[in-house]
1. Any idea which of Phe103, Phe144 is within 16 Å of ligand 2 (Cβ to nearest atom) and closer than 26 Å to Phe358 by Cα?
2. Can you name every residue in the range 571-603 that is among the hydrophobic types (A, V, I, L, M, F, W, C), surrounded by fewer than 21 Cβ atoms within 10 Å (Cβ to Cβ) and farther than 18 Å from Gly328 by Cβ?
3. Looking at this structure, is Lys35 touching a strand residue (DSSP E or B) at 6+ places or on another chain (Cβ under 7 Å), basic (Lys, Arg) and within 16 Å of ligand 1 (Cβ to nearest atom)?
4. Can you say whether Ser102 is under 17 Å from Arg183 (Cα atoms) and modelled with pLDDT of 95 or more, as far as the supplied structure shows?
5. Determine which single condition Leu219 fails, assuming it passes every other condition in (1) in a helix (DSSP H, G or I); (2) under 33 Å from the mean Cα position of the chain (by Cα); (3) of a type in the set (A, V, I, L, M).
6. So for the range 444-455 (the condition being of a type in the set (A, V, I, L, M), touching a residue at least 60 places away in the same chain (Cβ under 8 Å), within 17 Å of Ala88 (Cβ to Cβ) and in contact with a helix residue (DSSP H, G or I) (Cβ under 8 Å, 6 or more places away or on another chain)), does at least one residue qualify?
7. Within the range 57-73, does at least one residue satisfy the condition of being within 16 Å of ligand 1 (Cβ to nearest atom) and buried (at least 16 other Cβ atoms within 10 Å of the Cβ)?
8. Hand me the list of helices (runs of 4 or more DSSP H) wholly inside the range 426-530 holding 2 or more residues that are under 28 Å from the mean Cα position of the chain (by Cα) and buried (at least 17 other Cβ atoms within 10 Å of the Cβ).
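The values are calculated or read from the model by the stated rules, or taken from the named source; none is laboratory data. Not measured: the values here are computed from a predicted model. Heads up, the Cβs are rebuilt from the backbone with ideal geometry, glycines too, and the neighbour counts pull from every protein chain shown.
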Amino acid sequence: MQDGSSGWKIGSCVLCAQNCGLEILVEDNQIVRVKGDKSNPRSQGYTCRKGLSIAHYADNADRLRYPLKKIGDTHVRISWEQAISEIAEKLQKIKDKYGSKSFAYMGGGSLGGQMEVGLGLRLLSLLGSRYYYSSLAQEFSNIFWVDGRIAGKQSLVSLPDGHNADTLVAWGWNGWMSHQEPRTRDLIREMKKNPTKRLIVIDPRFSETAERADIHLALKAGTDTMLLKAIIRIILDNGWTDEEYLADHVNGWEKIAPLFDGFEARRAIEDVCMLNYEDVVEVTRLIAQTKSSIHEDLGIYMNRNSTINCYLLHILRAITGRFCVEGGHVFPSFLFPMGSNTDERNPKTWRTVHNDMFPVMGVFPPAIFPEEVLNDHPERLRALIVSACNPLRSYPDTLAYEKALAALDLSVCIEVVYSETARLCDYVLPSLSYLETYDTTCFSFTYPEFYFQLRQPVLEPISPEAKEGAAIILEIIKAMGFLPELPESLYKAGENGITAYLGEFNQYLTNNPDQGRKAPLILAETLGKALGSVNQALVVGLLLNSSKPFKAGAVELGYPADFNMFEEMYKSIINKPQGLLLSKFPEDNFSMLATEDKKLSLYIEELVEPLEAATIESEIRNLELPANYPLILHSGLHHETVANTILRNPEWNRSRRVNTMLMNEADAIKLGLNDGDKARITTRASRAEIEVEISKYAAEGCVYIRHGGGLIYDGEKIGVNVNELVLATDRDEMCTPMHRRIPCRVEGV
Ligand SMILES: Nc1nc2c(c(=O)[nH]1)N[C@H]1C(S)=C(S)[C@@H](COP(=O)(O)OP(=O)(O)OC[C@H]3O[C@@H](n4cnc5c(=O)[nH]c(N)nc54)[C@H](O)[C@@H]3O)O[C@H]1N2
Ligand SMILES: Nc1nc2c(c(=O)[nH]1)N[C@H]1C(S)=C(S)[C@@H](COP(=O)(O)OP(=O)(O)OC[C@H]3O[C@@H](n4cnc5c(=O)[nH]c(N)nc54)[C@H](O)[C@@H]3O)O[C@H]1N2
Ligand code: SF4
Ligand SMILES: [Mo]
């Protein structure tokens, strides 16, 4: 087991979902050197400049050191006892007066650790609410919803298997900058070098990924539906469907195929997408006739027609036989799922009181949160607990969020820094950082192997008052009286190992069957005390509750098939701080499907009409921009100079140009702007002044502002917060914000 003393430590990066392994040299509790950890089985030594800058995350001027309470306009230091008892009391009062629907929990989309969200959702459920808001529902709702229909369960998330593909299509994904696959830059370099492999980029702009691609289809922004329909038509015209695959693994294609009858592929490609027909035919051939994988991302997910585009992408995968196969698109193995199955057709699924909106995968969309507070419904939202999430910079419409937070009866923020959100909350509770705790995420995302890393602390707590996020939530749960009195024997049992503890734990639950629902809390409390970490205890709970295929795979790897399995797994997890192969799912990826016959269920009734309605004529009409907003703002480029809102200290970008708006040279000439000029950008939401950066990476007609700007570091606001420029109402039918298509105009100042 590692502790926080000086020397080289094994950890991992917490700045994106790849969680690359890091070796970290610590002196006097400060990070002095960082390098990629070659012993990490997933990342194999890979890092990027963000990971190498992790010291700025660990310690910076904004780190929180003790609990705060808002009095008037300022925050004052208070004790933990006061903070927890006042929060518990206020939650109880709100519940008594307004009922369960008043409560929302926000978080869980965190890139570095997710142990606290499990308890956060327990607290929410004990309060009687299901209003869980997360970042996941402002990027992935559309694809999760489509996945749910096709795979039979929303929590089955499908992902590209890029490393095993011969043709990799980056569709609205800028992997060179954003990663999103293990060791992405290595993967892109390998594709470029290997003559049998091809990288295709489908992106309106010459992105840093397009710069390294074999083929770049620079389609007109927002025309992906037309391109997808055309590609499917070309496949049908050439007889490139995989008939055997369709017969064995797909239901419903015969009901969808007629939707492509008569579609004029050439006209769509040339007149709408503004592409060369022959180029698209060649790309289509590569997708259909080689081992291809399509990696789509925010250029699709946060854009117009996202739901039908996700559907068309899955149809394309299914008819070319690229689903559930190596090097195609797979359902990865997992220890715990990313969310739950909340099918909106089930009348038991909750909806919001104001928008009547449903959750996808258990998650409500942050774009509607302000409206769910700012209304006069008797059951409107009145209390928010937000953890590891910064809605005041990350979610659309900062102004609406400011108003909403001010209108709440109670707001609690669990954070490592005095974030823009923390600044507005009634109570701010200091969490240990991910480098000071044991924690893990659900982003392992491989198949069939399942790699697991429980990150171990590499630093001593920055303050003796900071606590594990999960421990903070457990304190609130206890203060509200949700935990029964627990026997001393249960606390003691953990000192004799996991097997001994679980024996006692099971005995307790047998004797107290009414406490079953609270089992995870009881485990967190009692085993957490014995292990000195609630998060560690929660990992044992996850192993205990793991799925049948997970356990079977672990047994195949040599873990005992009986009750000792959990202790053995726990020991190997602790002994391998860099992560390890923990289980192996069945080779047959179709076995993961939740459909009855283990086939893909391709027909989605609700999408037939919108798919039919998207014609060449309607798209030409709908693609028109309003006359007073002739440009498209790409609100939030995930560039190598940002790490969402996590790296706050601008020092890490010293000597780099960061707070600029990228613009194509042709647009700049039209507007009379030069590189370095100040320009004013105006959207329907607001306006801002920003420095122009003329860039080959900007498409004509589009301007780009980096994600994560406008942070208030050490009291000073740096750069433009792009979410001030986005209206909460700029969203689609799943309430996903249209961040990749905000109409705007730009003028010199
Ligand atoms: N360095 C860095 N990496 C990150 C992050 C970060 O903050 N910094 N954040 C992480 C997170 S949370 C996420 S979700 C990912 C996001 O990762 P990405 O989705 O790769 O990020 P974006 O910068 O949105 O890139 C989307 C691409 O879509 C293109 N695009 C825009 N409009 C269209 C269109 O109409 N059609 C098509 N086909 N393409 C279009 C854009 O030009 C852009 O190149 O990045 C992760 N990685
Ligand atoms: N306009 C626009 N907005 C966007 C995007 C965009 O492209 N355009 N991208 C969106 C995307 S894809 C995403 S994923 C979201 C991300 O938005 P968020 O979910 O808000 O996530 P982060 O910015 O990664 O981190 C949120 C907070 O977690 C805190 N944190 C870090 N470590 C810990 C810890 O150990 N404990 C606790 N309690 N807190 C910790 C950080 O200090 C930070 O304030 O932003 C979205 N917002
Ligand atoms: S930011 Fe992502 S890709 Fe870069 S080192 Fe961290 S986990 Fe790896
Ligand atoms: Mo994201």
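1. Phe144
2. Initial filter on the range 571-603 (among the hydrophobic types (A, V, I, L, M, F, W, C)): 573-574, 580-582, 585, 590, 592-594, 600, 602.
Next cut, surrounded by fewer than 21 Cβ atoms within 10 Å (Cβ to Cβ) only: 574, 580-581, 590, 594.
Ile574, Leu580, Leu581, Ala594, listed by residue number.
3. Working: touching a strand residue (DSSP E or B) at 6+ places or on another chain (Cβ under 7 Å): yes; basic (Lys, Arg): yes; within 16 Å of ligand 1 (Cβ to nearest atom): no.
When the stated conditions are applied, Lys35 does not pass them.
4. Numbers: under 17 Å from Arg183 (Cα atoms): no; modelled with pLDDT of 95 or more: yes.
Here the answer is no, as Ser102 does not meet what is asked.
5. (1)
6. Start the filter on the range 444-455 by keeping residues that are of a type in the set (A, V, I, L, M), which leaves 454.
Remaining after also requiring touching a residue at least 60 places away in the same chain (Cβ under 8 Å): 454.
So of that shortlist, the ones also within 17 Å of Ala88 (Cβ to Cβ) come out as none.
No, the range 444-455 contains no residue that is of a type in the set (A, V, I, L, M), touching a residue at least 60 places away in the same chain (Cβ under 8 Å), within 17 Å of Ala88 (Cβ to Cβ) and in contact with a helix residue (DSSP H, G or I) (Cβ under 8 Å, 6 or more places away or on another chain).
7. Narrowing the range 57-73 to residues within 16 Å of ligand 1 (Cβ to nearest atom): 57.
From what is left, the residues that are buried (at least 16 other Cβ atoms within 10 Å of the Cβ) are 57.
The answer is yes; a qualifying residue exists.
8. On the way: elements: 469-479, 488-493, 498-511.
Qualifying helices (runs of 4 or more DSSP H): 469-479.
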